[in-house]
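Q: One structure, as structure tokens, below. Some questions next.
The values are calculated or read from the model by the stated rules, or taken from the named source; none is laboratory data. Everything quoted here is computed from the prediction, not taken from an experiment. Quick reminder, even Gly has a Cβ in these numbers, built from the backbone with ideal geometry, and neighbours come from all protein chains shown. Areas reflect the complete protein model, heavy atoms only, side chains present, ligands, DNA and RNA absent. Shrake-Rupley method; radii C 1.70, N 1.55, O 1.52, S 1.80 Å.
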Amino acid sequence: MLTEVHVPDDMATVLSLMASGATVVAGGTSMMPWLNDHASPPTELVSLRRAGLGTVRVSGTTARLGAAATLAQVERDPALGFLDPVVRSIASVPVRTLATVGGNLFARRPHGDLAVALIALGARVAVAEPAGTRELPVAEFVAAEAPAGLVTDVAFELPAPGAFRYLKAARRRFNSASLVTVAAGVTETAGVVTRIVVALGGVGPRAQRARAVEAALLGEPLNAETVAAAAAAGLGEIAPADDAYASAWYRTRVFPVHLRRALLGH
Ligand SMILES: Cc1cc2nc3c(=O)[nH]c(=O)nc-3n(C[C@H](O)[C@H](O)[C@H](O)COP(=O)(O)OP(=O)(O)OC[C@H]3O[C@@H](n4cnc5c(N)ncnc54)[C@H](O)[C@@H]3O)c2cc1C
């Protein structure tokens with residue numbers, strides 16, 4: 001049973017409460033249903049609300065999103081307009097006013113759409129632990145079975161115009177979980193792909209980087225043929241599951257279609 005919710009004013013206190021067994025709560029959009037549904041929920045929570053992790057800052061070409069910044073804050077920042085399709089594809093306005101950037105890195109299938117976008121942007125996450133802060137790619141952090149530590153912020157370089165692609169296929173246009181989410185950062189030079197990062201959601205236990213898809217496209221022109229070949233390569237690295245939104249079979253069938261739409265726009 002939940003016995004205490006701490007709301008400290010600084011990060012050091014958050015870390016010491018975590019070290020003594022408290023569980024972090026940010027927006028609570030995943031945590032609160034979990035508290036209600038599980039037989040042995042955490043007994044102590046530590047809230048990030050006042051811990052000073054809620055800033056969104058764009059300075060020059062670098063964006064830094066505090067872990068406790070809400071999705072609504074990201075949506076409001078004019079310098080991050082390219083992320084509007086990502087943020088608006090997540091849940092609903094009320095959920096986005098609570099759900100945080102850091103919390104989305106812990107989301108499991110079929111959620112984690114912001115994490116998918118951050119992986120494609122090559123974002124790095126700062127994680128504080130009692131021993132100090134480490135920084136690692138979001139892709140690596142999210143890939144862990146149970147990521148540890150306090151996420152303090154996420155940073156990335158703003159993409160060149162047109163370089164960032166995003167598509168979330170869902171049953172409804174708004175407020176619906178992912179069937180397949182694709183985000184990509186693509187650079188083409190002289191008609192061929194010279195740099196590509198592809199990230200996927202909805203087709204595995206968590207947001208993931210699609211290295212086989214990337215390898216198939218690097219050095220190639222982007223067209224229906226090369227993207228179909230990349231999708232075929234990508235089938236080996238996805239692990240869709242059945243849920244209330246779609247079957248694993250369906251997700252597998254439509255993955256190549258949505259990869260093509262994300263990368264080619266048709
Ligand atoms: C109705 C509904 C619809 C949704 N639809 C979507 C959707 O379409 N797409 C999508 O991507 N997501 C969706 N979600 C999930 C939601 O976006 C994520 O749950 C949200 O980003 C989590 O953020 P939070 O701040 O609420 O996390 P919380 O619920 O507070 O925490 C979630 C987990 O993350 C941990 N955590 C949170 N912040 C930190 C931190 N800084 N450091 C360490 N650990 C931390 C917590 O301990 C907890 O384990 C939906 C949720 C709901 C309720």
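Q: Can residue 152 be described as surrounded by 21 or more Cβ atoms within 10 Å (Cβ to Cβ), within 16 Å of the ligand (Cβ to nearest atom) and over 21 Å from residue 89 (Cα atoms)?
A: Details: surrounded by 21 or more Cβ atoms within 10 Å (Cβ to Cβ): yes; within 16 Å of the ligand (Cβ to nearest atom): yes; over 21 Å from residue 89 (Cα atoms): yes.
The answer is yes for residue 152.
Q: Test residue 33 against the criterion of being assigned to a loop (DSSP other than H, G, I, E, B), farther than 28 Å from residue 184 by Cβ, open to solvent by less than 80 Å² (accessible area, probe 1.4 Å) and not β-branched (Val, Ile, Thr), and give yes or no.
A: Values: assigned to a loop (DSSP other than H, G, I, E, B): no; farther than 28 Å from residue 184 by Cβ: yes; open to solvent by less than 80 Å² (accessible area, probe 1.4 Å): yes; not β-branched (Val, Ile, Thr): yes.
For residue 33, the condition - assigned to a loop (DSSP other than H, G, I, E, B), farther than 28 Å from residue 184 by Cβ, open to solvent by less than 80 Å² (accessible area, probe 1.4 Å) and not β-branched (Val, Ile, Thr) - is not met.
Q: Next question, about the same structure. Report, by residue number, each residue of segment 52-66 that is open to solvent by less than 70 Å² (accessible area, probe 1.4 Å), polar (S, T, N, Q) and not in a strand (DSSP E or B).
A: 55, the sole residue that qualifies.
Q: Suppose we filter 185, 204 for residues that are out of contact with any strand residue (DSSP E or B) (no Cβ under 8 Å at 6 or more places or on another chain) and open to solvent by less than 30 Å² (accessible area, probe 1.4 Å); which single one remains?
A: Exactly one residue qualifies, and that residue is 204.
Q: Name the residues in segment 91-110 that are outside any loop (DSSP other than H, G, I, E, B) and touching a His at 6+ places or on another chain (Cβ under 9 Å), would you?
A: Within segment 91-110, just 104 meets the criteria.
Q: So, one more: Name the residue that is nearest to residue 155 (Cα to Cα), counting only residues in segment 102-114 that are within 7 Å of the ligand (Cβ to nearest atom) and either open to solvent by 10 Å² or more (accessible area, probe 1.4 Å) or hydrophobic (A, V, I, L, M, F, W, C) (or both).
A: Start the filter on segment 102-114 by keeping residues that are within 7 Å of the ligand (Cβ to nearest atom), which leaves 102-104, 106-107, 111-114.
Next, only the ones that are either open to solvent by 10 Å² or more (accessible area, probe 1.4 Å) or hydrophobic (A, V, I, L, M, F, W, C) (or both) stay: 103-104, 106-107, 111, 114.
Working: 103: 15, 104: 15, 106: 17, 107: 19, 111: 21, 114: 13 Å.
Across segment 102-114, the extreme among qualifying residues is 114.
Q: Of 125, 142, which residue is among the hydrophobic types (A, V, I, L, M, F, W, C), in a helix (DSSP H, G or I) and either buried (at least 24 other Cβ atoms within 10 Å of the Cβ) or modelled with pLDDT of 95 or more (or both)?
A: Answer to the check: 142.
Q: Looking for something within 9 Å of the ligand (Cβ to nearest atom), farther than 22 Å from residue 205 by Cα, open to solvent by less than 50 Å² (accessible area, probe 1.4 Å) and touching a Gly at 6+ places or on another chain (Cβ under 7 Å) - is there at least one such residue anywhere in segment 86-94?
A: no
Q: Look through 72, 115 and report the one residue that is outside any loop (DSSP other than H, G, I, E, B) and touching a Leu at 6+ places or on another chain (Cβ under 6 Å).
A: That would be 115, the only listed residue that is outside any loop (DSSP other than H, G, I, E, B) and touching a Leu at 6+ places or on another chain (Cβ under 6 Å).
Q: Mind listing just one residue for me: the one in segment 12-45 that is within 10 Å of the ligand (Cβ to nearest atom) and over 19 Å from residue 99 (Cα atoms) and, of those, modelled with the lowest pLDDT?
A: Out of the qualifying residues, it is 42.
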